[in-house]
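This report concerns only the one structure given below.
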Amino acid sequence: MHTAFLRGNVVFFFWLSALIVLALACASAAFMPLAHTPCTLNQTNIQRFRQFHRPARGWEHAQGSFHLDADLRPIWNWNTHQLFAFVTAEWEGEKRHTNRVVVWDRIIRTKEEAHLKGVMDMEYTVNDQHAELRGRSLNLTLHYDIMPVVGLLRKATSTCHERLTMPDRYF
């Protein structure tokens with residue numbers, strides 16, 4: 001009556017159920033509050049600010065650098081696979097109310113890499129197709145996504161902000 005197949009089936013599904021319960025326990029860590037991450041974002045320097053006439057007349061293009069000191073190690077735990085950190089520049093325009101672009105990003109794979117410190121060059125340029133950057137105030141903000149081993153992707157915005165005023169002339 002109790003064959004080897006039946007006993008093997010019971011053992012297999014017992015361990016499968018145990019793994020599912022453990023995976024759900026791991027996924028519940030995504031609902032825990034995030035630890036405080038001390039950080040500063042300052043000394044932003046615009047190194048190039050130009051106007052382009054291609055593909056259309058009036059495009060503006062800016063490149064620069066900033067100093068970032070962010071310690072993301074406190075949010076690293078046993079369920080963290082990697083972090084994706086990025087800095088955005090956001091400004092208000094007349095034709096488009098809110099403009100937001102990513103100017104720098106980094107994939108952090110280990111806890112040791114999670115302390116970001118130094119002068120970071122803007123990997124991506126700030127472009128505006130309506131030529132509304134001159135004299136505008138930009139807000140730089142550090143964001144990060146936590147990619148867990150098991151569970152939901154979490155998005156967070158840090159307390160690092162810096163307000164930058166763009167120059168009135170091109171150089």
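Every read-out reported here was derived from the displayed coordinates using simple, explicitly stated rules and does not represent laboratory data. Predicted model, so just to flag it, every value in this text is computed and none were measured. Please note: Cβ atoms are built from the backbone with ideal geometry, for glycine as well, and neighbour counts cover all protein chains shown.
Given in Å, the Rg to one decimal and the Dmax to the nearest whole number for the Cα atoms of segment 32-165 are 16.4, 51.
Figure legend: label point modelled 7 angstrom from the Cα of Val149 along Cα→Cβ; residues of segment 65-98 with amide N under 20 Å from it are 73-84.
Just tell me the longest site-free run in the chain, where the sites are trypsin sites (Lys or Arg not before Pro) in a DSSP loop having at most 13 other beta-carbon atoms within 10 Å. Result, exposed sites excluded: 110-168.
By the Cβ rule of 4.7 Å, the chain holds the following cysteines without a possible disulfide partner: Cys26.
With a simple spin-label model that places each label point 7 Å from the Cα along the Cα-to-Cβ direction, the separation between Arg134 and Ala156 comes to 4.2 nm.
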